[in-house]
């Protein structure tokens, strides 16, 4: 996240903090949780007006989906196809 705008970094820190407990307590569901939150953020971005905040929400959704794909690739590659 080096070079990312401060607002995007802050948004992702908040998102990742919310998942840290789940990652440790139920690792098999962590990728699905990341994907679910990414889809929620995507819905928020699509429903909102085209503003800077909406753009940051969309970028956060993209980052979380990327993390979900990375998680699946590392922990259960067979589920990677479900991410699309």
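The values are calculated or read from the model by the stated rules, or taken from the named source; none is laboratory data. Just so it is clear, the model here is predicted, and its values are computed rather than measured. Because the Cβ atoms are built from the backbone with ideal geometry, glycine has one as well, and the counts that use them run over all protein chains shown.
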Residues in segment 25-37: is at least one within 14 Å of the chain's Cα centre (by Cα), at pLDDT 85 or above, in a helix (DSSP H, G or I) and surrounded by fewer than 18 Cβ atoms within 10 Å (Cβ to Cβ)?
yes
Being surrounded by 11 or more Cβ atoms within 10 Å (Cβ to Cβ), assigned to a helix (DSSP H, G or I) and modelled with pLDDT under 85 narrows it down to one of 10, 62, so name that one.
10
Among the residues of segment 38-59 satisfying the criterion of being farther than 20 Å from residue 6 by Cα and outside any helix (DSSP H, G or I), which is modelled with the highest pLDDT?
49
